Structures are given as C-alpha cells and as structure tokens.
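The values are calculated or read from the model by the stated rules, or taken from the named source; none is laboratory data. All values reported here derive from a predicted model rather than from experimental measurement. Cβ placement follows ideal geometry from the backbone for every residue including glycine, while neighbour counts extend to all protein chains displayed. The area values use the complete protein model at the heavy-atom level, side chains included, leaving out ligands, DNA and RNA. Shrake-Rupley method; radii C 1.70, N 1.55, O 1.52, S 1.80 Å.
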Amino acid sequence: GIISGILKSNGDRVKAGESIIILDSETEKNNLELIRNRIKTQESQVELDRYSIRESELRLDNKKRLLESSRELLKNGAETSRNLDDLETDVMLLDAGLLKSRASLSISDSKLRELRTELRKAQIDLDRRNLTAPVDGTVLNIMVTTGSSISQFSEFCEFAPDGNTIALYLRRPAEVPD
C-alpha cells in the first residue's frame, strides 16, 4: 500500500492500538459506503416485502369471508356454484401469493444478513489500512515516508515497548485472504 500519513514521530510515546501510519484507503472507504447504501436499499426491500405480506393477508381474509358468505347463499339458492368455484380458486391463488410473499421476505432477510456480513468485512479491510502500535511503548525510528509504498511484512518502524524488551521492528502484517 501507499503511505498516506505518518501520525507519529521518532521519540513519540504510543498506547497499544494507536495508529502510527495510515495507508491509502480510498478504495476501502468507497467499498464501505457502497455496502452501506446497498444495506439501506435492502432494508427498504424487506419493509416492502412485509407490507406485501400484510396486503396479501388482508386480501385473503376478505376473500375467505366472501367465500363463506357465498356458501351460505348457495345453500339458499341465491348463488351459483360457478361463482363459488371462482371464489375458491381466488382463495387458493391468494393463499399461494401469500406463500410467495413470505418466501420473498425470507430471501430479502437473507440478503440483508449477507450485506451486513460484507459490511463487517469491509470495515476490517479499512481498519487494516492503519498500522498500529502492538503494545504501549516509544517510537524509535520511522523507516518510511509519506507517499512511499510498503508491502506485506515490510519493516516500517523501530519500536521500544514498555517493559524488559529492548526494541522491535514493526512490520506490516499479512493480508488475510478472503
């Protein structure tokens, strides 16, 4: 990666986890924003699917009431069996539509969970662009400059941890494969 910022100088005290060097992270930031936008879109889809289920339930309940009423009318000769058959078919179709809407919601929920997992991964990728102090200590020598490139396992800093250890060379950690 390309070094976009050096936050500490030789002789600075740092706490564990404190950033020392920042690598260019424009791609990771854009990816994070893209995933957040996709999550908002998918949340809207989940909400739409829930409304669709509610609408299907209302239509089905209404058609079932109409069917029961028509059955009573058929007993009294005030309704035709043809109309009753049509209503029974409508109820079956609405019931199938309701099942379809529930399946669609299940798929939408699954996609939303996938996107949230992608978001966590994208945040980890962005966090890896910050090279941090492994423990409390003192920066002895920054060995890189802004704008220079640093590869995996490259030394970027001499570091003296608090305690009995004399000095460490800090290296850029390996990227974890997908």
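Quick look at the numbers
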item	result
Residues (touching a helix residue (DSSP H, G or I) at 6+ places or on another chain (Cβ under 8 Å), more than 22 Å from Arg113 (Cβ to Cβ) and of a type in the set (Gly, Ala, Ser)) located in the range 44-75	Ser56, Ser70
Filtered residues of the range 137-166 (kept if acidic (Asp, Glu) and within 13 Å of Ile20 (Cβ to Cβ))	Glu155, Glu158
Residue, nearest to Asp95 (Cα to Cα), within the range 62-80, restricted to residues that are open to solvent by 70 Å² or more (accessible area, probe 1.4 Å) and within 45 Å of the chain's Cα centre (by Cα)	Lys64
Residue in the range 89-123 that is surrounded by the fewest Cβ atoms within 10 Å (Cβ to Cβ), counting only those that are closer than 29 Å to Glu33 by Cα, in contact with a helix residue (DSSP H, G or I) (Cβ under 6 Å, 6 or more places away or on another chain) and among the polar types (S, T, N, Q)	Ser104
Single residue of Glu33, Glu18 found to be within 23 Å of Leu126 (Cα to Cα), acidic (Asp, Glu) and open to solvent by 70 Å² or more (accessible area, probe 1.4 Å)	Glu33
Residue, nearest to Gly137 (Cα to Cα), within the range 13-60, restricted to residues that are touching a residue at least 60 places away in the same chain (Cβ under 8 Å) and of a type in the set (Val, Ile, Thr)	Val14
